[in-house]
Amino acid sequence: MIRYDLRCGAGHGFDGWFRSSDDFDAQGARGLLSCPACGSAEVEKALMAPAVRLTSATPAETPAPAEETRPVALVDERETKLRSLLKELRAHVTANSEDVGDRFAEVARQMHAEEVEKRSVHGRASADDARALAEEGIEIHPLPGFPDDLN
């Protein structure tokens, strides 16, 4: 999966997950992309800085990380309702599927290969595992997470 920083014609920033760059282009061409803040279909990729790790740096040379920042928003009633619906979706999926924990990628591959019965499951997968599953044609969906889930 590829995460893109996106921006609408009105300047609202948001992110989207796609199987590939071609998938982003195809969804845009079909009019399937829209801004969650204003509904604008004029959506484009925003400039992104790549995360590059230099392997030549030794631990003593590695600078201390800056204080982590996260995107934040103050939302109106429409976004509050959307957040509530996403929480309901997450609760429904987790209540009505089997938690396979860290074995998610393994179980998903077994079901895709029809080695085990297909059923609804949820669990945890690394970004690399999620990307590999998508490249193998195994359709997975990230569950929405919220800051208060960490409390």
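Summary of values
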{"read-out": "Residue pairs meeting the criteria (Cβ under 8 Å; at least 6 apart or on separate chains; first within 15 Å of Gln110 (Cα to Cα) and not assigned by TED's automatic domain parsing to the domain that holds Ser20, in the stretch 123-141; second surrounded by fewer than 17 Cβ atoms within 10 Å (Cβ to Cβ) and among the small types (Gly, Ala, Ser))", "value": "Gly123/Gly101"}
{"read-out": "Positions within the stretch 79-122 being in a helix (DSSP H, G or I), without any contact (Cβ under 8 Å) to a residue 24 or more places away in the chain and over 15 Å from Ile140 (Cβ atoms), in sequence order", "value": "Thr80, Lys81, Ser84, Leu85, Glu88, Ala91, His92, Ala95"}
{"read-out": "Candidates Arg3, Arg30, Arg53, Arg19, filtered to the one that is at pLDDT below 70, within 27 Å of Glu135 (Cβ to Cβ) and basic (Lys, Arg)", "value": "Arg53"}
{"read-out": "Only listed residue being within 17 Å of the chain's Cα centre (by Cα) and among the small types (Gly, Ala, Ser), chosen from Ala125, Ala113", "value": "Ala125"}
{"read-out": "Any hit, the stretch 59-68, residues being at pLDDT below 85, part of a helix (DSSP H, G or I) and either surrounded by 10 or more Cβ atoms within 10 Å (Cβ to Cβ) or small (Gly, Ala, Ser) (or both)", "value": "no"}
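The values are calculated or read from the model by the stated rules, or taken from the named source; none is laboratory data. Remember, predicted model here, so these are calculated numbers, not experimental data. Neighbour counts are summed over all protein chains in view; Cβ atoms, including those assigned to glycine, are modelled from backbone coordinates with ideal geometry.
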